[in-house]
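Read the structure below first, then the notes.
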Amino acid sequence: MEKDSSPPRRLYSILIPTYNERLNIALLCYLLFKTLNDLDVDFEVIIVDDASPDGTQDVIKQLQQIYGDHKILLRPRAAKLGLGTAYVHGLQHAAGDYIFIMDADLSHHPKYIPSFIRKQLDTNADIVTGTRYLKGGGVHGWDLRRKLTSRGANVLAHTLLWPHVSDLTGSFRLYRKPVLEELVKSCVSKGYVFQMEMIVRATRKGYYIAEVPISFVDRVYGTSKLGGAEIVQYLKGLFLLFFTT
Amino acid sequence: MKQVFKFGAVVGTLVALWIGLLLSPDLPQSFSLILPFLPVYALVALGCYGLGMVGYGLMVFPTCPHESILLQKDIDEAKAFLKEKGVDVAYQ
Ligand SMILES: Nc1nc2c(ncn2[C@@H]2O[C@H](COP(=O)(O)OP(=O)(O)O)[C@@H](O)[C@H]2O)c(=O)[nH]1
Ligand SMILES: [Mg+2]
């Protein structure tokens, strides 16, 4: 008689948006598989590439040869359509019950994935979010201007929104799939504000959010896009959330 | 309840308290002299609190230089593996 009391295995979908990350995505996949193969969990990697001109998709195809195209799923789009919709697009192709979202630029290190999973199992949280600002977390590679911007944005957001989450703009997170689907539908902003909007709306809807400390090393390869325009966008987003949530 | 209303409720309560004080008779004279300016004090105090928090946040900003060394090691390991598999890991 076969007795199987173990619960059905969970599938984790790891959603990664890329734009011009040909080197980073290769390094990231190596580190992802190294971490997750040790962990004995079922997972799939879903990469949403927005027609990167640097040949990111060619590299992804090579990675599929190494790791299998049932493990690495390339779900490209025809043009650079932005981050928010990249998540929506990736989510449509995700088979997992739990969804990780992370950046491709190695600022989000896969070695923290086990602590997200453990935290979720321990607390049964709807969302586990990585925080740079609690004990055990940290940032490397930011200049004073970048730090000042981040602290200023954080103080402003906490004064106006009272969000109960220490790191609003971090985007290394684990979601229950239905929760992410609902949030993605109700979020309207683009770019940087998107991450903040997701987590603020989640607190307003009463979802349980747990935090795990992560360290964030600023990208070594490639370029990020934080400029004056993003700061204005951030302030607009802040007021939008102040009045609509 | 929308955040703007929660926030407004707090501000409204403070304003109501202030008006109550303005209307109340026989306060000590020194107090009734500064009373009209209390909202200005409050705003200045809030601004100072904000600046102070930003300054404090900068002072205790958590850094992790060690992590960047670890990441560099991981990158080297990954590059060696990928090169062996024939993935192009040149960075231009
Ligand atoms: N698919 C897609 N990915 C994007 C787009 N913009 C940025 N990304 C990816 O989103 C992640 C975060 O972007 P990044 O520029 O590092 O933002 P930052 O770290 O917040 O400065 C990286 O993996 C980028 O490759 C886009 O328009 N489309
Ligand atoms: Mg980045």
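The values are calculated or read from the model by the stated rules, or taken from the named source; none is laboratory data. Keep in mind that what you see is a predicted model, and the values were worked out from it rather than measured. Here the Cβ is made from the backbone with ideal geometry for all residues, glycine too, and neighbour counts use every protein chain on show.
Considering the conditions (1) of a type in the set (S, T, N, Q); (2) within 29 Å of B:Gln3 (Cβ to Cβ); (3) buried (at least 19 other Cβ atoms within 10 Å of the Cβ), A:Ser107 is excluded by exactly one of them, (2).
Does A:Ala202 qualify as being over 25 Å from B:Pro65 (Cβ atoms), buried (at least 16 other Cβ atoms within 10 Å of the Cβ) and among the hydrophobic types (A, V, I, L, M, F, W, C)? Answer is yes for this residue. A residue that is aliphatic (A, V, I, L, M) and touching a Leu at 6+ places or on another chain (Cβ under 9 Å) cannot be found anywhere in region B:43-52. Taking the stated definitions as given, is A:Val217 touching a residue at least 24 places away in the same chain (Cβ under 8 Å) and more than 16 Å from ligand 2 (Cβ to nearest atom)? The answer is no for A:Val217. Look at (1) in a helix (DSSP H, G or I); (2) within 16 Å of ligand 2 (Cβ to nearest atom); (3) surrounded by 21 or more Cβ atoms within 10 Å (Cβ to Cβ) and you find that A:Glu230 fails only one, number (3). Scanning region A:173-186 for residues that are away from ligand 2 (no atom under 16 Å from the Cβ), crowded, with 16+ Cβ neighbours inside 10 Å and of a type in the set (Lys, Arg) turns up A:Arg176, A:Lys177. List pairs: first in region A:127-149 and free of Cβ contacts under 8 Å to residues at least 12 places away in the same chain, second part of a strand (DSSP E or B), Cβ under 9 Å, 6+ apart or cross-chain? Hits for this filter: A:Lys147/A:Val139. Within region A:65-101, the set of residues being out of contact with any Phe, Trp or Tyr (no Cβ under 8 Å at 6 or more places or on another chain), in a helix (DSSP H, G or I), of a type in the set (A, V, I, L, M, F, W, C) and more than 29 Å from B:Lys85 (Cβ to Cβ) comprises A:Val88, A:Leu91. Looking across A:Lys71, A:Lys147, A:Lys80, one residue alone is farther than 28 Å from A:Asp40 by Cβ, more than 14 Å from chain B (Cβ to nearest Cβ) and either more than 13 Å from ligand 1 (Cβ to nearest atom) or among the basic types (Lys, Arg) (or both). It is A:Lys80.
This table checks each residue for (1) more than 8 Å from chain B (Cβ to nearest Cβ); (2) among the aliphatic types (A, V, I, L, M); (3) under 23 Å from A:Ile72 (Cα atoms); (4) away from ligand 2 (no atom under 16 Å from the Cβ).
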position	(1), (2), (3), (4)
A:Ile101	yes, yes, yes, no
A:Ile113	yes, yes, yes, yes
A:Phe116	yes, no, yes, yes
A:Ala125	yes, yes, no, yes
A:Arg132	no, no, no, no
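When A:Gly170, A:Gly130, A:Gly136 are checked against the criterion of being part of a loop (DSSP other than H, G, I, E, B) and either of a type in the set (A, V, I, L, M) or crowded, with 19+ Cβ neighbours inside 10 Å (or both), a single residue qualifies: A:Gly170.
A quick yes/no check of all residues on (1) within 16 Å of ligand 1 (Cβ to nearest atom); (2) assigned to a loop (DSSP other than H, G, I, E, B):
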{"site": "A:Lys111", "(1), (2)": "no, no"}
{"site": "A:His164", "(1), (2)": "no, yes"}
{"site": "A:Val193", "(1), (2)": "yes, no"}
{"site": "A:Arg201", "(1), (2)": "no, no"}
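Only one of A:Gly191, A:Gly170 is within 16 Å of ligand 2 (Cβ to nearest atom), out of contact with any Asp or Glu (no Cβ under 7 Å at 6 or more places or on another chain) and either in contact (Cβ under 8 Å) with a residue 24 or more places away in the chain or over 30 Å from B:Pro65 (Cα atoms) (or both). Can you tell me which? Exactly one of A:Gly191, A:Gly170 is within 16 Å of ligand 2 (Cβ to nearest atom), out of contact with any Asp or Glu (no Cβ under 7 Å at 6 or more places or on another chain) and either in contact (Cβ under 8 Å) with a residue 24 or more places away in the chain or over 30 Å from B:Pro65 (Cα atoms) (or both), namely A:Gly170.
Regarding A:Gly206, is this residue away from ligand 2 (no atom under 16 Å from the Cβ), modelled with pLDDT of 95 or more, farther than 19 Å from A:Asp105 by Cβ and over 20 Å from the mean Cα position of the chain (by Cα)? Answer is yes for this residue.
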